[in-house]
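K.L.:
Take this structure, written in structure tokens, and hold onto it; I'll ask about it next.
None of the figures in this text is laboratory data; all of them are computed from the coordinates on show. Please read these numbers as outputs of a predicted model, since none were measured by experiment. Cβ placement follows ideal geometry from the backbone for every residue including glycine, while neighbour counts extend to all protein chains displayed.
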Amino acid sequence: MSYANETRRRRTFAIISHPDAGKTTLTEKLLLFSGAIQIAGSVKARKASRHATSDWMEIEKQRGISVASSVMQMLYREHVINLLDTPGHKDFSEDTYRVLTAVDSALMVIDAANGVEAQTRRLIEVCRQRDTPILTFVNKMDREVREPLDILDEVERELGMPCVPMTWPVGQGKSFAGIINLRTQAMTVFEAGSERLPQDFESIPLSEHETLLKRFGAEYESALEAMELATGASPAYDHAAFLAGKQTPVFFGSGVNNFGVMEVLDALVDLAPPPQSRKSTVLVNRQPVEKEIQPEDGAFSGVVFKVQANMDPSHRDRIAFVRMASGKYTPGMKLRVQRTGKELRPTSVVTFLSQRREAVDEAYAGDIIGFTTHGGVQLGDTITDGASLQFTGLPFFAPELFMTVILKNPLRTKQLQQGLAQLGEEGAIQVFKPDMGGAMLLGAVGQLQFEVVQHRLKAEYDADVRLESSQYTGARWITADTPAELKAFTDAYPMRLAHDAADTLAYLCTSPYDVRLAQERFPKIHFHPLREHA
Ligand code: G4P
């Protein structure tokens, strides 16, 4: 198969949801229906062990588990589907956000009783910034939930784009009777149970109106009415608008009952985009020039979007997760890290076949491959088979939680600095050095990041630290149009300034009003909620 055909049949997407909306259940069903796993329950069992306890050994284990489960590849209808997990709960971290930079689309799962919840909202923001196409799955229709029209209204408001129903529920909770598929104009009849395969559900064409009315009565009638209202109020499905992140197709169902899930899997193949081109910079006559790298280009290129340290602290090796942007990977090929110009010498290269890790035979644009190395690779690095280019756009997100680092034994300062520098490179945590001196600040978006870093500083660098709460609740990276404006600003807020690991100036705030006030006072200063990898 040609490169173009190989990339065209790939779909790389992330599931985004709030904890408990049903992401694990849905992931499992997708794997089950594509034949990637045989028995339901395995993904679920791992999730249970992940949240069972939180002692240090568990953190070590979790790091292992999250490597294995964070990328899952499956084959469905001749398509290669790469599903990337966005960790939720306590292990929500910057990695969660960055995963979204490695995908071409996202599947948003919402609980029909709760609508769009806080964590989903944060992830949507990242998708919106990148115009990532979003498919929506409204789950748990077998429960007493909200009216579908009400849910669509909320999704529209939260996403800032119209919803286009692709399926429509008939009833809900105890009287959930099924879904109408608007494309095939047939109703699939609901039956509870997790054993049933998609083809086992009964399907009745809408043309058999009398039969449907007789069997489902008032539920069916009111579903038709609501569906008419919804389709009348929303635009028709427009593929270009979906791909541009300007409308979202919506599906209803019940993951735990295997119901309405196949429609989503089919939509991933039929609607979700194949690997897209990626922006990079190349040097032309020593000047950086923007260049779009096309997935079907023959030369290998990829970007490191996640770095995970080995579970075993005595091995200082790391797995660099690379999203391939172009070309073909074959074992033994010579690759270079663009930042250093050095050859990448991995001890192993793996692909992620639904929970198992296997040596890669070949991989194409859109695939995620993991390089185990002893260092020399950082988050945001571009890997190529020779060409000089640097992908842009790997973002660092402004932390929302801060802790001050106090070293228990001051003689270990060097080890602490080394540890923080390396953990910072890995993206495990962000490190800020206050301009006025004093203790270092750690910034994170998820609480678990602190626990892992504290644990790893001790285990891997022999630096025992205490973390103390800090008054800060946010940070913004600062730029200004002129040095004079910047000076006026830094003179006004000397106590609030810090430099991060990339030596970029940041303003630390104690509330959202802080930023607003500072912005009003200095309208020409730019406050950035994210910083792109240089
Ligand atoms: P998450 O990964 O998004 O956190 O959610 P997960 O799939 O673990 O689902 C959260 C809970 O919601 C689970 O119940 C799961 O069984 C249930 N669930 C998922 N899909 C549906 C659905 O379509 N209908 C109903 N009624 N429930 C659903 P739990 O009690 O936490 O676990 P379990 O003991 O039932 O497995």
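K.L.:
Classify the range 373-415 as rounded, prolate or oblate, taking a ≥ b ≥ c as the square roots of the eigenvalues of its Cα gyration tensor: rounded when a/c is under 1.5, otherwise prolate if a/b is larger than b/c and oblate if not.
P.N.:
oblate
K.L.:
Based on the mean of other beta carbon atoms within 10 Å per residue, what is the order of 235-243, 155-163, 318-326, 449-457, most packed first?
P.N.:
So the order, starting with the most tightly packed, is 318-326, 449-457, 155-163, 235-243.
K.L.:
Moving to a separate point now. Using per-residue counts of other Cβ atoms within 10 Å, averaged over each peptide, order 256-264, 523-531, 498-506 from highest down.
P.N.:
Packing order, densest peptide first, comes out as 256-264, 498-506, 523-531.
K.L.:
Contact order normalised by length for the range 98-170, with contacts defined as Cα pairs under 8 Å and 6 or more residues apart; what percent is it?
P.N.:
37
K.L.:
Round to the nearest 10 and give me the degree value, 0 to 90, for the angle of helix 512-521's Cα axis relative to the longest principal axis of the chain.
P.N.:
In the chain, helix 512-521 runs at an angle near 60 degrees to the longest axis.
K.L.:
Along the positive direction of the dipole of the chain (beta-carbon charges: Lys, Arg +1; Asp, Glu -1; about the Cα centre), which of VAL256, GLN415, ALA177 reaches farthest?
P.N.:
Going by the Cα projections, it comes out as GLN415.
K.L.:
So if we plug the beta-carbon distance of HIS526 and ARG130 into 1/(1 + (r/R0)^6) with R0 = 25 Å, what FRET efficiency do we get, rounded to 0.05? Before the final figure, lay out the partial values.
P.N.:
Values: r = 20 Å, r/R0 = 0.79.
My answer for the efficiency is 0.80.
K.L.:
At a threshold of 8 angstrom on Cα-Cα distance, excluding pairs fewer than six apart, so keeping six or more, what relative contact order does the chain reach in percent?
P.N.:
14
K.L.:
How tilted is helix 261-270 with respect to the longest principal axis of the chain? Cα atoms for both, answer in degrees (0 to 90, nearest 10).
P.N.:
70
K.L.:
Taking 10 °C and 1.306 mPa s as the conditions, I'd like the Stokes-Einstein D for the range 364-460 in µm²/s, using the Kirkwood hydrodynamic radius from alpha carbon pairs.
P.N.:
On the way: Rh = 15.6 Å.
Reported coefficient: 102 µm²/s.
K.L.:
While we're looking at this one, here's another question. Excluding ARG476 itself, calculate the net charge of residues whose Cβ lies under 13 Å from the Cβ of ARG476, where each Lys or Arg counts +1 and each Asp or Glu counts -1.
P.N.:
Surrounding charge for ARG476 is 0.
K.L.:
Taking 0.36 nm per residue of separation and subtracting the Cα-Cα distance, what length does fully extending ALA492 through HIS455 add?
P.N.:
9.6 nm
K.L.:
Let me know the Kirkwood hydrodynamic radius for the range 383-516, please, with Cα pairs as the basis and the value in Å to one decimal.
P.N.:
It works out to 16.1 Å.
K.L.:
Something else now. Distance from the Cα centre of the range 416-434 to that of the range 159-229, in angstrom?
P.N.:
Centre-to-centre distance over Cα atoms comes out at 52 Å.
K.L.:
Which lysines, if any, have their Cα less than 24 Å from the Cα of LYS291, not counting same-chain residues under 8 positions apart?
P.N.:
Straight-line reach from LYS291, under 24 Å: LYS279, LYS306, LYS328, LYS334, LYS342.
K.L.:
If each DSSP helix of 4+ residues adds -39,500 (n - 2.57) and the sum is divided by the residues in the chain, what number results at 222 nm, nearest 500 deg cm²/dmol? Show your work: numbers first, answer last.
P.N.:
On the way: 14 runs with 162 residues, N = 534.
It lands at -9500 deg cm²/dmol.
K.L.:
Return P(r) of the chain (all Cα-Cα pairs; 10 Å bins starting at 0; whole %; ordered from short to long distances).
P.N.:
Pairs per bin, as whole percents: 3, 17, 26, 25, 17, 8, 2, 0, 0.
K.L.:
Still on this structure, please answer the following. So for the range 311-437, what are the equivalent ellipsoid semi-axes in whole Å, largest first, each being the square root of 5 times an eigenvalue of the Cα gyration tensor?
P.N.:
Numbers: eigenvalues 200, 58, 43 Å².
Calculated on Cα positions only, the semi-axes equal 32, 17, 15 Å.
K.L.:
Cα centroid distance between the range 251-276 and the range 490-507, in Å?
P.N.:
Taking the Cα centre of each part, the range 251-276 and the range 490-507 sit 46 Å apart.
K.L.:
If you take the beta carbon distance between VAL289 and ILE406 as r and set R0 to 41 Å, what does 1/(1 + (r/R0)^6) give as a FRET efficiency, to the nearest 0.05?
P.N.:
0.30
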